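Chemist: One structure coming up, written as structure tokens, with questions to follow.
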Amino acid sequence: MTVTRKVHTIKNQVNRVLPGFENVNRFRCRELGMEMVKILPGEFYVTSSDEIIATVLGSCISVCIRDPNLGIGGMNHFMLPENNKKEDDSWKYNEIDKAARYGTDAMEHLINELLKNGGRKKRFEIKITGGGQILGDMNNIGAKNIVFIKEYLEREGYSVTTADVGETCPRKVRYFPKTGKLQVKKLRSLNNKTIISREKDYKKEIEKRKIDGDIELF
């Protein structure tokens with residue numbers, strides 16, 4: 001299985017971790033008394049345990065999908081929608097780089113992992129969030145991401161249960177795959193310069209052949 005830029009930190013492992021996700025960044029959320037997994041741009045995570053998947057989004061999108069019959073679900077985090085032009089010699093990547101860049105690949109990885117662990121497409125519950133217009137000088141990537149994900153899901157025959165997208169603020173996101181609950185906190189009152197700066201840095205990184213695994217939107 002090709003997994004996007006996994007973090008090399010193992011915390012207290014209470015829940016059963018699906019194969020391929022043993023090395024994710026896991027910690028105990030004291031507020032909720034649950035295990036929490038934090039994903040970064042270009043990553044995804046799938047679980048059948050009662051735990052939380054968390055991230056912070058600017059112009060990026062996260063798609064949360066679960067099979068409620070099995071209690072298995074996951075979330076991805078991507079920045080660029082898709083590559084619509086032929087790659088030239090100056091833009092080369094391996095499969096991991098490709099998955100980190102494009103929403104099409106991020107969706108394939110997430111859906112395939114759910115199917116591999118028993119999920120069924122006809123039962124999928126899908127929620128989307130993100131796509132904020134926070135990078136005004138970057139051709140409104142957030143809006144393009146929103147258009148992409150809605151068209152992608154419609155083309156593949158999926159319906160969206162809940163969508164919280166757009167606006168001009170970053171979002172702090174927590175997803176509970178066991179129950180399907182999605183918590184979104186809009187960071188309106190914060191100084192967003194750090195998030196904007198780091199998202200710009202990430203945009204530059206994914207335009208290179210090598211992607212650094214240390215970029216985080218916190």
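Chemist: Is segment 48-56 home to any residue that is in a loop (DSSP other than H, G, I, E, B), touching a helix residue (DSSP H, G or I) at 6+ places or on another chain (Cβ under 6 Å), in contact (Cβ under 8 Å) with a residue 60 or more places away in the chain and within 21 Å of Lys185 (Cα to Cα)?
Modeler: no
Chemist: Name the pairs whose Cβ atoms lie under 9 Å apart, with the first residue in segment 106-132 and farther than 23 Å from Lys144 by Cα, the second surrounded by fewer than 16 Cβ atoms within 10 Å (Cβ to Cβ) and of a type in the set (Asp, Glu), and 6 or more positions between them or separate chains?
Modeler: If the second residue must be surrounded by fewer than 16 Cβ atoms within 10 Å (Cβ to Cβ) and of a type in the set (Asp, Glu), the pairs left are Lys121/Glu156.
Chemist: Suppose we filter Ile111, Ile149, Ile128 for residues that are part of a strand (DSSP E or B), modelled with pLDDT of 95 or more and either out of contact with any Asp or Glu (no Cβ under 8 Å at 6 or more places or on another chain) or closer than 13 Å to Asn76 by Cβ (or both); which single one remains? Walk me through how you get there before you give the answer.
Modeler: On the way: Ile111 fails: part of a strand (DSSP E or B); Ile149 fails: part of a strand (DSSP E or B).
Sole residue among the options that is part of a strand (DSSP E or B), modelled with pLDDT of 95 or more and either out of contact with any Asp or Glu (no Cβ under 8 Å at 6 or more places or on another chain) or closer than 13 Å to Asn76 by Cβ (or both): Ile128.
Chemist: Could you look through segment 155-173, keep only residues that are assigned to a strand (DSSP E or B) and not basic (Lys, Arg), and pick out the one that is nearest to Cys60 (Cα to Cα)?
Modeler: The residue in question is Val165.
Chemist: So, one more: Provide a single number: the residues in segment 27-71 that are basic (Lys, Arg) and buried (at least 24 other Cβ atoms within 10 Å of the Cβ).
Modeler: Selection size over segment 27-71: 1.
The values are calculated or read from the model by the stated rules, or taken from the named source; none is laboratory data. Predicted model only: the values in this text are computed from it and were never measured. Reconstructed Cβ throughout: ideal geometry from the backbone, glycine too, with neighbour counts over all protein chains shown.
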